[in-house]
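The values are calculated or read from the model by the stated rules, or taken from the named source; none is laboratory data. The structure presented is a predicted model; accordingly, all values stated were derived computationally and were not measured. Cβ sites come from the backbone with ideal geometry, for glycine too, and all protein chains shown count toward neighbours.
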């Protein structure tokens with residue numbers, strides 16, 4: 001029996017390293033949006049979500065203390081923004097940017 005074999009030249013190993021030992025990059029990896037673009041995309045997601053959620057929740061929590069109302073609104077808005085809306089906006093921005 002022989003020892004472990006090295007990958008063929010030009011082919012990265014099973015450790016995710018490229019042929020020269022540097023990390024292998026995805027072939028079409030685009031740079032992430034700048035922090036300023038992410039701030040704008042986040043605001044574009046948060047503002048409508050807060051406005052709509054506040055209007056929809058008003059009949060139910062309109063007489064509550066403002067901090068309790070804010071808690072209810074943020075319990076709805078933050079997960080929607082973080083898991084659905086902002087990632088969708090970032091993908092859309094990436095598609096528009098690649099055109």
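Only a single item in (1) part of a loop (DSSP other than H, G, I, E, B); (2) within 14 Å of the chain's Cα centre (by Cα); (3) modelled with pLDDT of 95 or more is not met by residue 64, and it is number (2). Scanning segment 82-96 for residues that are in contact (Cβ under 8 Å) with a residue 40 or more places away in the chain and either within 8 Å of the chain's Cα centre (by Cα) or farther than 16 Å from residue 39 by Cβ (or both) yields 86, 90, 94. What about residue 31, is it surrounded by fewer than 10 Cβ atoms within 10 Å (Cβ to Cβ), touching a strand residue (DSSP E or B) at 6+ places or on another chain (Cβ under 7 Å) and either closer than 30 Å to residue 93 by Cβ or modelled with pLDDT of 95 or more (or both)? So residue 31 fails the test.
For residue 74, the requirement of being in a helix (DSSP H, G or I) and within 21 Å of the chain's Cα centre (by Cα) is met. Checking the stated criteria, residue 39 turns out not to satisfy the condition of being more than 26 Å from the chain's Cα centre (by Cα), part of a helix (DSSP H, G or I), at pLDDT 95 or above and surrounded by 11 or more Cβ atoms within 10 Å (Cβ to Cβ).
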